[in-house]
Amino acid sequence: MSLPRPYSSLGTTLGDCQAAVLFLHAAYSRDGEDEAREILAWLAVTVAQAGWHLVDAPENLYNFEAGYRRGIRALWWECWSLEIMLGTVTGVRIANLSEMSHQVQISDTLDDNDSPLALRIRALSLLSAATRPPPDNPGEEAARANALNTLANNLTLITHQTYLASCATLSATATDQPRIAAQCEAAFMGSVIASAATIFLLSSSSHFSSFLAPYSPCGLDTSSTPPSAIIPLLRVAASHIISLVRTSLSSLAPPPTHSPFFGCSLLVAAQGTLLSLQNEQGAWRSVEVIGDVELLEWLLGLQAKKWSIAGKTLGQVKALKVATFGAVGLVDRLLLS
């Protein structure tokens, strides 16, 4: 399989694949979804042909130098993560690496299951499960949804605590800042993704709802709304994402823009927040929701200065807000009501 131009000169070395990952991020950031999918498909084939999905299999134990092995692991998990994220944000599910049998450790330490990177991978695995079609058997469907919801709630708590601890370490030390900052970002995204997975799960065609959000880009399906009984749960998950955003803005300067894929989580949070007004009425509650959504709009505006895909997502958030409230005189009308 060959790469599209201008990437066709890339080879199949680890360095070439690492470069392809950067090109994938760049392609998606400028709204090149098809191009990003082509690069990801090439990476999946290249990784499989190189046998890197079995880098930690017993037969390969002495085949790779330690530093090279760590590079392969990092590449594998980044490609695996990109497959889930790209499928979620575009609504076109991809299952090459995520369905591939693999033996790839997250790090040299086998029991490092609570590291920020490990938690981010667990959150993405949960997101992947939450956005898959449910089983046909109604009994299995309900059990699966309940189990995933419990996992999502627990993981949200763990990742949030890990994020706060990582940020505290970042503020307290002057050494090894890049590594600690990377851990802080991994914990942040893990917590955001866990909450986004909760919103997807509650909005899926499970026993919770007939809402078909996971089959649309970023879960944005405005053709129907979830039942009123699950709206408070959606609001809690959306509020957690907004709380994380506020924490990140208060602890770091300049404001972090994260990755191009982060915008989808902000769109999901905006939708969950706006849906909460289906159950909660009142002018002041509406003003609070507007404040939350405008924070998300502001952050997407910062992202849009770097990535055009964020501008597209910002337009979707604005459209949701207008659809909920109307276009003009919004705050004044609420305060006077």
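When all protein chains stay in place, what accessible area (Å², nearest 10, 1.4 Å probe) is found for Asp16?
Near enough 40 Å² of accessible area.
Once the whole set of protein chains is in place, how much accessible area is left on Cys184, using a 1.4 Å probe, in Å² to the nearest 10?
Approximately 10 Å² for this residue.
Label the stretch 46-93 by shape, choosing from rounded, prolate and oblate, from the square roots a ≥ b ≥ c of the eigenvalues of the Cα gyration tensor; if a/c is under 1.5 it is rounded, and otherwise prolate applies when a/b is larger than b/c, oblate when it is not.
Judged from the Cα gyration tensor, the stretch 46-93 comes out prolate (a/c at least 1.5, a/b above b/c).
What's the center-to-center distance, using Cα atoms, between the stretch 298-326 and the stretch 2-33 in Å?
Taking the Cα centre of each part, the stretch 298-326 and the stretch 2-33 sit 27 Å apart.
Give me the net charge of Arg246's neighbourhood, meaning all other residues with Cβ under 15 Å from the Cβ of Arg246; Lys, Arg count +1, Asp, Glu -1.
-4
Considering only protein heavy atoms and a probe of 1.4 Å, how much of the accessible area of the stretch 1-127 is carbon and sulfur, as a whole percent?
Numbers: 3060 of 5890 Å².
Summing carbon and sulfur atoms, their accessible area is 52 percent of the total for the stretch 1-127.
Of all the C-alpha pairs in the stretch 15-102, what % are more than 14 Å from each other?
63
The values are calculated or read from the model by the stated rules, or taken from the named source; none is laboratory data. All figures in this text were calculated on a predicted structure; none of them were measured in a lab. With ideal geometry, Cβ positions are generated from the backbone for all residues, glycine too; neighbour counts draw on all protein chains shown. With ligands, DNA and RNA removed, areas are computed over all heavy atoms of the protein, side chains included. Shrake-Rupley method; radii C 1.70, N 1.55, O 1.52, S 1.80 Å.
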